[in-house]
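Notes follow the structure.
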Amino acid sequence: MSQHLITVTVENKPGVLARIASMFARRDFNIHSLAVGPTEDPTRSRVTMVVDGPEMEQIVKQLYKLVHVIKVTEHLPGEAVEREIMLVRVNADPSRRSEILNAANIFEATAVDVGAATITFEVVGEPSRLSDFLEFMRTYGIISLVKSGRIALAKDNKSASRSRKRTA
Amino acid sequence: MADQLNGAAILIRSLEHEDVEVIFGVPGGAILQAYDELYSSPIRHVLARHEQGGGHMASGYAHATGRVGVTFATSGPGVTNLITPLADAYMDSIPIVAITAQVSSAKIGLDAFQETHTWGITMPVTKHNYLVTKIEEISSTVREAFHLASTGRPGPVLVDITKDALADEMEWHGPQEIDLPGYRPSVKGHPRQVKAAIEAIINSERPVLYAGGGVIRAGASNELRAFAKQQNLPVVTTLMARGAVPDSHPLTLGMPGMHGTYTASTAMQRSDLLIAIGARFDDRVTGDTEFFAPGAKIIHVDVDPAEISKIRKADIPIVGDAKAVLDQLLAQGAERLGGDAAPPRTEWLATLARWQRDFPLAYEQDPEGPIQQQYVIDQLSKRSGPDTIVVAGVGQHQMWTSQFWGFEKPNTWINSGGLGTMGYAVPAAIGAQAGMPERTVIAIDGDGCFQMTFQELITAAIEQIPVKIAVLNNANLGMVRQWQKLFYGERYSATEMSHTIPNIPMLAEAMGCAGLRAETPADVIPTIEKGLAINDRPVVMEFVCDPDAMVFPMIVAGGSNDEILMGPEDVK
């Protein structure tokens, strides 16, 4: 299924996230990942979403119908700087530990916790790096995994990123 | 000089600033303070017998007057009872503002007495909603609520205010500016799109102007009629747009869709260009979208961009207010025609006229048989002026009224279209009558609908709101029974009611209304004449009708609009 990356600039008011989530549920749209946080302007928050499905036009229009939504920007591939953070705990029997650490080094993953038979890595970067690392670690066995949700900023000096206007 | 006021006083003053003349509601614990201030306000309060009634009254008021209807309810059950009218107004884009009270801010989340999560449960059924916990926010929130309810695509807005915010005091300096950076509805259409639309219309051989409720809400009926005339366009009016053009106008084809006229539905099917204005391609209009108007290009004018291409891809989308865009289309059309006449479309119009002649809406009243519902509506319509406001509930009686009432003016037809709320008619009629005291308001109701909300007639009698209710009593939940007859092998599961219980005229009298009954066709006209002559109190006219009468034409739900059942003989 095709995935789309959108940034939604909203008024920093209580319940905005609930409004967005409720609208997605009601309209039967699917959110793949979601990250919310403050912006340079304390009256605004930014929601970065990866959404599934072919209904992008409707999703954008329905977002705009929410009174607290100010701007919706869809980022086409390559038009934005994208980052995500992941914590992943993998099986690491002492006999294979150095092998795993060497591999992690190549992916620029940082070991942040070590247990008797596990290592927990932090990986930051483009979503593809995270998925590559995960793919590699599957051979050792992934015990648990958490992702922050993708965040993105449109690249500077490039007007290619489409800001979908309210008029159709 | 600023006044030291409590939150409730600020609320009431803010409503006075919005020129609110009437509030429909029910008091309770959390909202007591607001009612205390209302006691000394010039705003009229109509005490509903149930919050659902109060909400539908506000909706009927808004329908009839074009102004924002206002309803009050207390916390908890007051709010949950209000959900249906909110959802109803949301589906039909009716501007209402609901003011509800919430438990004190310190008690929120603690399962206090009559606490419910109002903001959360009303979010999906309102255009926008608020939880106000501070007195400072009351005034600006009321201003925003009225602005949101009445502009862009209208709709219900709810303002939930905590008990402590209503009780606190502050210096009040009058209404405040609103700040809605994310709310900028488009009004005018894009000139290039308007131009493209006119070109498409002039080049069209089989156009149909598809008018929806947005035309009524925008007050664009005159513009619509002028545009139909200028471009020589036949017009279909959806259930929400009945009256947008006069039914007596030669270009009017009536209602399209599931129970629409053969000509309206078939014109859309054969059309090469649909000009949708304030309409949303509802499934009751389109049937199975795969087979809907297969040869038509689509011009879609709507103030809500999300409606455009939601169901059917628009070839020429125009975002804007129906009235503003029709003005643009009229100007552009006049310029493009440059004094020439619009294309005559002789063949197309002749075809439509032939269909209208060959497939009219019809019924037969056997003088010895049971009363046919269509006959009652027809006779009521013939005896009522064009300014009469007609209200309906949901079901067979609603469809027959849409079919057989001759609508000549906008804002004279009030019904629950999108949500299909049974029980809508009685309270909505009361709201309409409260807003339009000089007009005749007639609700045409079914016995099923009537029994959902008739208690509001007590409100009407005590408040001296002399609505007229015609109950077409077929002793059944008629539309469900019709489906059971046609598609469920006549297994009448849970649809049978009674011709005798309740005794409707006695019930009416008990509620302070006049109660009349017609049992035979010969009784119909005298009963109508008697009922229409009573103006000092509400009147309930019961017509004992035929349980087997069915609504036709009919397009089976989810079927193709090419397959129109004209009568029971067409059902396989």
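The values are calculated or read from the model by the stated rules, or taken from the named source; none is laboratory data. None of the values given here were measured: they were computed from a predicted structure. When we count neighbours, we look across all protein chains shown, and the Cβ atoms used for this are built from the backbone with ideal geometry, even at glycine.
Residues considered: B:Phe552, B:Phe543. Of these, the only one that is under 30 Å from B:Thr266 (Cβ atoms) and buried (at least 18 other Cβ atoms within 10 Å of the Cβ) is B:Phe552. Whether a residue is away from chain A (no Cβ under 14 Å), free of Cβ contacts under 8 Å to residues at least 24 places away in the same chain, basic (Lys, Arg) and not in a loop (DSSP other than H, G, I, E, B) was assessed, and B:Lys229 passes this test. If the condition is being surrounded by fewer than 23 Cβ atoms within 10 Å (Cβ to Cβ) and part of a strand (DSSP E or B), then the stretch B:43-61 contributes B:Arg44, B:His45, B:Leu47.
If I filter the stretch B:426-438 for residues that are crowded, with 18+ Cβ neighbours inside 10 Å and β-branched (Val, Ile, Thr), do I get at least one hit? Within the stretch B:426-438, one or more residues are crowded, with 18+ Cβ neighbours inside 10 Å and β-branched (Val, Ile, Thr).
Does the stretch B:97-120 contain at least one residue that is charged (D, E, K, R), surrounded by fewer than 20 Cβ atoms within 10 Å (Cβ to Cβ) and either touching a Leu at 6+ places or on another chain (Cβ under 8 Å) or part of a helix (DSSP H, G or I) (or both)? Scanning the stretch B:97-120 turns up at least one residue that is charged (D, E, K, R), surrounded by fewer than 20 Cβ atoms within 10 Å (Cβ to Cβ) and either touching a Leu at 6+ places or on another chain (Cβ under 8 Å) or part of a helix (DSSP H, G or I) (or both). Could you identify the single residue in B:Ser41, B:Ser93 that is over 25 Å from the mean Cα position of the chain (by Cα) and assigned by TED's automatic domain parsing to the domain that holds B:Asn129? Going through B:Ser41, B:Ser93 in turn, just one is over 25 Å from the mean Cα position of the chain (by Cα) and assigned by TED's automatic domain parsing to the domain that holds B:Asn129: B:Ser41. For B:Glu169, indicate whether it is at pLDDT 95 or above and over 30 Å from B:Ala98 (Cβ atoms). Taking the combined requirement at face value, the residue does not satisfy it.
For (1) in a strand (DSSP E or B); (2) surrounded by 16 or more Cβ atoms within 10 Å (Cβ to Cβ); (3) among the β-branched types (Val, Ile, Thr), each residue gets a yes or a no:
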residue	(1), (2), (3)
A:Glu84	yes, yes, no
A:Arg89	yes, yes, no
A:Ile100	no, yes, yes
A:Glu122	yes, no, no
A:Ser128	no, no, no
A:Ser131	no, no, no
A:Tyr140	no, yes, no
A:Val146	yes, no, yes
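The set of residues in the stretch B:276-334 that are more than 20 Å from B:Ile555 (Cα to Cα), buried (at least 24 other Cβ atoms within 10 Å of the Cβ), within 21 Å of the chain's Cα centre (by Cα) and more than 12 Å from chain A (Cβ to nearest Cβ) comprises B:Ala276, B:Ile277, B:Gly278, B:Asp321, B:Ala322.
Criterion first (out of contact with any His (no Cβ under 9 Å at 6 or more places or on another chain), part of a helix (DSSP H, G or I) and hydroxyl-bearing (Ser, Thr, Tyr)) does B:Ser40 satisfy it? In short, no.
Considering (1) buried (at least 18 other Cβ atoms within 10 Å of the Cβ); (2) of a type in the set (Ser, Thr, Tyr); (3) not assigned by TED's automatic domain parsing to the domain that holds B:Gln433, the lone condition that B:Ser560 does not fulfil carries the number (1). Looking across the stretch A:38-52, the residues that are among the polar types (S, T, N, Q) and assigned to a strand (DSSP E or B) come down to A:Ser45, A:Thr48.
Let's see how each residue does on (1) buried (at least 16 other Cβ atoms within 10 Å of the Cβ); (2) more than 19 Å from B:Gln433 (Cα to Cα); (3) of a type in the set (A, V, I, L, M, F, W, C); (4) not assigned by TED's automatic domain parsing to the domain that holds B:Arg225:
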| site | (1), (2), (3), (4) |
| --- | --- |
| B:Tyr363 | no, yes, no, yes |
| B:Asp366 | no, yes, no, yes |
| B:Gln379 | yes, yes, no, yes |
| B:Arg383 | no, no, no, yes |
| B:Ile389 | yes, no, yes, yes |
| B:Ala392 | yes, no, yes, yes |
| B:Gly406 | no, yes, no, yes |
| B:Trp413 | yes, no, yes, yes |
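Filtering the stretch B:63-82 down to residues that are in contact with a Phe, Trp or Tyr (Cβ under 9 Å, 6 or more places away or on another chain) and not polar (S, T, N, Q), which residue is surrounded by the most Cβ atoms within 10 Å (Cβ to Cβ)? Filtering first and then ranking leaves B:Gly69. With the structure loaded, tell me whether B:Val245 is closer than 22 Å to B:Gly559 by Cα and surrounded by 24 or more Cβ atoms within 10 Å (Cβ to Cβ) or whether it fails that test. Against the criterion (closer than 22 Å to B:Gly559 by Cα and surrounded by 24 or more Cβ atoms within 10 Å (Cβ to Cβ)), B:Val245 does not qualify.
Candidates in the stretch A:68-95 are the residues that are over 30 Å from A:Ser144 (Cβ atoms) and among the charged types (D, E, K, R); of these, the one that is nearest to the other protein chains (Cβ to nearest Cβ) is A:Lys71. Only residues that are away from chain A (no Cβ under 13 Å) and not basic (Lys, Arg) were counted across the stretch B:141-153, and they come to 3. Say whether the condition of being within 11 Å of another protein chain (Cβ to nearest Cβ), touching a Gly at 6+ places or on another chain (Cβ under 7 Å) and buried (at least 19 other Cβ atoms within 10 Å of the Cβ) is met by at least one residue in the stretch A:55-67. Yes, the stretch A:55-67 contains at least one residue that is within 11 Å of another protein chain (Cβ to nearest Cβ), touching a Gly at 6+ places or on another chain (Cβ under 7 Å) and buried (at least 19 other Cβ atoms within 10 Å of the Cβ).
Filter the stretch A:1-37 down to residues that are part of a loop (DSSP other than H, G, I, E, B), of a type in the set (Gly, Ala, Ser) and either at the interface with chain B (Cβ under 10 Å from one of its Cβ atoms) or surrounded by 18 or more Cβ atoms within 10 Å (Cβ to Cβ) (or both), then give me how many there are. The qualifying residues number 1. Residue check: B:Ala87 meets all listed conditions (1) touching a strand residue (DSSP E or B) at 6+ places or on another chain (Cβ under 9 Å); (2) within 14 Å of chain A (Cβ to nearest Cβ) but one, namely (1). Within the stretch B:62-84, being in contact (Cβ under 8 Å) with a residue 60 or more places away in the chain, assigned to a helix (DSSP H, G or I) and either hydrophobic (A, V, I, L, M, F, W, C) or under 17 Å from B:Glu21 (Cα atoms) (or both) holds for B:Ala62, B:His63, B:Ala64, B:Thr65, B:Val79.
All but one of (1) touching a strand residue (DSSP E or B) at 6+ places or on another chain (Cβ under 8 Å); (2) part of a loop (DSSP other than H, G, I, E, B); (3) not assigned by TED's automatic domain parsing to the domain that holds A:Leu145 hold for A:Glu108; state the number of the condition that does not hold. Unmet condition: (3).
Anything in the stretch B:200-242 that is within 12 Å of B:Pro344 (Cα to Cα) and not aliphatic (A, V, I, L, M)? List them, or say none. Answer for the stretch B:200-242, where residues must be within 12 Å of B:Pro344 (Cα to Cα) and not aliphatic (A, V, I, L, M): B:Asn203, B:Ser204, B:Glu205, B:Arg206, B:Pro207, B:Lys229, B:Gln230, B:Gln231, B:Asn232, B:Pro234. Being under 30 Å from B:Pro553 (Cα atoms) and of a type in the set (Asp, Glu) holds for only one residue in B:Glu509, B:Glu496, and it is B:Glu496. For the stretch A:29-63, the set of residues classified as among the polar types (S, T, N, Q) and out of contact with any helix residue (DSSP H, G or I) (no Cβ under 6 Å at 6 or more places or on another chain) consists of A:Asn30, A:Ser33, A:Thr39, A:Thr43, A:Ser45, A:Thr48, A:Gln58, listed by residue number. The set of residues in the stretch A:52-105 being within 30 Å of A:Met23 (Cα to Cα) and of a type in the set (Gly, Ala, Ser) consists of A:Gly53, A:Gly78, A:Ala80.
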